[in-house]
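A.B. asks: Sharing a structure, written as structure tokens. Questions coming.
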Amino acid sequence: MSEDELNKLLSKVHKSVTIFNYNSNNVPCIILTERRFSEIMDKIAGRPVSVDTNLNILQNGLGNVFVEISLDFSNSDIHEKILLYANESLDFFESLAKTAMLALSSPHSQVGQENVFMIQLPKPERATNALDVIRRGLKAGDDLSN
């Protein structure tokens with residue numbers, strides 16, 4: 001990954017993520033724009049829905065690790081891709097692996113209290129495996145700097 005490619009990826013990183021306490025668990029949450037969150041909620045409200053969640057990991061071997069989270073909602077045409085920079089959000093992925101839950105919210109919601117859409121990961125081992133790959137990728141960068 002060249003310096004230009006790295007900078008291009010960094011410019012596409014979704015910055016609005018947080019973790020909130022839900023039933024004594026730290027749940028990772030992606031905060032979407034108000035408009036996008038409303039679009040998703042309007043399309044799925046009152047309908048049974050499942051969300052196929054994939055974590056695609058991109059790394060350069062120098063300690064820079066990106067994760068593209070793909071969310072495909074059943075019974076709708078909603079396909080959301082969110083790019084995170086794992087170097088700055090390791091706690092997000094640790095919580096994801098521990099709880100196998102992901103929340104979506106809007107910027108004007110009281111995160112963890114209202115307007116939160118919870119996703120139970122259908123394959124929790126994917127989050128655990130992804131966390132292992134992320135940690136190895138981050139360690140590669142630490143090994144190079146030592």
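A.B. asks: Within the range 63-80, is even one residue in a strand (DSSP E or B), without any contact (Cβ under 8 Å) to a residue 60 or more places away in the chain and touching a His at 6+ places or on another chain (Cβ under 6 Å)?
C.D. replies: yes
A.B. asks: What pairs come up if the first residue lies in the range 27-48 and is closer than 18 Å to Leu83 by Cα, the second is among the aliphatic types (A, V, I, L, M) and at pLDDT below 90, and their beta carbons are under 7 Å apart, counting only those six or more places apart or on different chains?
C.D. replies: Cys29/Val111
A.B. asks: A further question on this structure: Looking at (1) closer than 15 Å to Asn21 by Cα; (2) open to solvent by less than 20 Å² (accessible area, probe 1.4 Å), which one does Ser70 not meet, given that it meets all the others?
C.D. replies: (1)
A.B. asks: Right, here's the next one. Restricting to the range 25-46, give me the number of residues that are part of a loop (DSSP other than H, G, I, E, B) and either modelled with pLDDT under 90 or open to solvent by less than 50 Å² (accessible area, probe 1.4 Å) (or both).
C.D. replies: Number satisfying all stated conditions: 3.
A.B. asks: Let me ask you something else. Please go through the range 61-83 and give me each residue that is closer than 19 Å to Arg136 by Cβ and in contact with a helix residue (DSSP H, G or I) (Cβ under 7 Å, 6 or more places away or on another chain), ordered by number.
C.D. replies: Within the range 61-83, Gly61, Leu62, Gly63, Asn64, Val65, Phe66, Val67 meet the criteria.
The values are calculated or read from the model by the stated rules, or taken from the named source; none is laboratory data. The model shown is predicted, which means the values in this text are computed figures rather than measured ones. Cβ: placed from backbone, ideal geometry, glycine included. Neighbour counts: every protein chain shown. These accessible areas exclude ligands, DNA and RNA; they are computed on the full protein's heavy atoms, side chains included. Shrake-Rupley method; radii C 1.70, N 1.55, O 1.52, S 1.80 Å.
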